[in-house]
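Input: a single structure, listed below in structure tokens.
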């Protein structure tokens, strides 16, 4: 078995990833792994009603996976368009503050027909706040 990542993503962003609109996930940290690596998508509890997000009514489950095939460094105040991170400049700046972050490039998205429970990864006791390492299954 090899290492993979379990990443927590809000339902609205999950929908954009699955539909192909969002191909960059911005995070403050990055795994200490060489790309490419597999990321399992844990769809978090929505801040709004689940039906506001179309087909993601089964939140708090692992809904699919993607391959992170490249990671970009992003600095606070970065004004260039990252491409498809789906964030405004103000959202990115608010999230990163005055520090540095990373753009995880999303490829080979696979949506599961039946979402998996968090218990699919026995080493994980609770959903990660951002992401955590898991054994690829």
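So is residue 52 out of contact with any helix residue (DSSP H, G or I) (no Cβ under 6 Å at 6 or more places or on another chain), within 19 Å of residue 13 (Cα to Cα) and at pLDDT below 85 or not? Step through it out loud before you land on a result.
Numbers: out of contact with any helix residue (DSSP H, G or I) (no Cβ under 6 Å at 6 or more places or on another chain): yes; within 19 Å of residue 13 (Cα to Cα): yes; at pLDDT below 85: yes.
Yes: the conditions hold for residue 52.
What residue, among those in the stretch 68-89 that are buried (at least 17 other Cβ atoms within 10 Å of the Cβ) and part of a strand (DSSP E or B), is modelled with the highest pLDDT?
Among those that are buried (at least 17 other Cβ atoms within 10 Å of the Cβ) and part of a strand (DSSP E or B), it is 68.
Residues being out of contact with any strand residue (DSSP E or B) (no Cβ under 8 Å at 6 or more places or on another chain), free of Cβ contacts under 8 Å to residues at least 60 places away in the same chain and outside any loop (DSSP other than H, G, I, E, B): count how many of those fall in the stretch 2-45.
2
Does residue 113 meet the test of being loosely packed, with under 12 Cβ neighbours inside 10 Å, at pLDDT below 90 and more than 14 Å from the chain's Cα centre (by Cα)? Working first, answer last.
On the way: loosely packed, with under 12 Cβ neighbours inside 10 Å: yes; at pLDDT below 90: no; more than 14 Å from the chain's Cα centre (by Cα): yes.
So residue 113 does not fit the description; no.
Which is farther than 19 Å from residue 130 by Cα and modelled with pLDDT of 95 or more, of 32, 108?
Checking each option against the conditions leaves just 108.
The values are calculated or read from the model by the stated rules, or taken from the named source; none is laboratory data. Please read these numbers as outputs of a predicted model, since none were measured by experiment. We place every Cβ from the backbone using ideal geometry, glycine too, and count neighbours over all the protein chains shown.
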